[in-house]
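A quick write-up on the structure given underneath.
The values are calculated or read from the model by the stated rules, or taken from the named source; none is laboratory data. A quick note: this is a predicted structure, and the numbers were derived from the prediction, not measured. So basically every Cβ, Gly included, is an ideal-geometry build from the backbone, and we count neighbours across all protein chains shown. Note: areas computed on protein heavy atoms with side chains; ligands, DNA, RNA excluded. Shrake-Rupley method; radii C 1.70, N 1.55, O 1.52, S 1.80 Å.
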Amino acid sequence: MGHYHWQEADPNKTGLVEFHFDAVGFGGEAVNKSKGGLSGGYAFFNNPEFLSEFAGRETVRVVGPEGESFEVSLKGTSLAIKAVRACQAEQDE
């Protein structure tokens, strides 16, 4: 069985992925996207703890549908999430 590579996947192909923050893990379905020659994707989460872990960690290990994995730096995400939350709070007033 070959490894699933997001770079080689058809646009809009879905697959289950896991996000590992040290000993804490989350799973969800991701959708492959490609734009301007760059491959990537997105996943939806409805667990509020995911955002807390995402904001409070330095890195996340992403594990794809076939077990392949890569690590992503989360440098700056805490500040970005704080800015989004402040913006949302202002809109709610």
The size of the Cβ-based charge dipole (Lys, Arg +1; Asp, Glu -1) of the chain about the Cα centre, to the nearest 20 debye, is 260 debye
Largest-first ranking of ARG61, ARG85 by accessible area, probe 1.4 Å, whole protein assembly kept, is ARG85, ARG61
Taking only protein heavy atoms and a 1.4 Å probe, the highest-to-lowest accessible-area order of PHE44, PHE70 is PHE44, PHE70
VAL31 and LYS13 label points (each 7 Å along its Cα→Cβ direction) are spaced in nm at 1.7 nm
Of the candidate values (1) 15, 40, 33, 10, 1, 0; (2) 18, 51, 25, 6, 0; (3) 15, 48, 33, 4, the one computed for P(r) over Cα pairs in 10 Å bins from 0, in percent from this structure is (1)
Taking protein heavy atoms only, a 1.4 Å probe, and rounding to whole percent, the accessible area of the chain owed to carbon and sulfur comes out at 52 percent
Residue-normalised value, i.e. accessible area per residue, for the chain at 1.4 Å probe, in Å², stands at 73 Å²
Using a 1.4 Å probe on heavy atoms of the protein chains only, the accessible area for GLU29 in Å², nearest 10, reads 100 Å²
Rounded to 0.05, the calculated FRET efficiency for the beta carbons of ALA23 and GLU93 at R₀ = 41 Å is 0.60
The farthest towards the positive end of the charge dipole of the chain, of the residues TYR42, VAL63, LEU16, given +1 on Cβ of Lys and Arg and -1 on Cβ of Asp and Glu, is TYR42
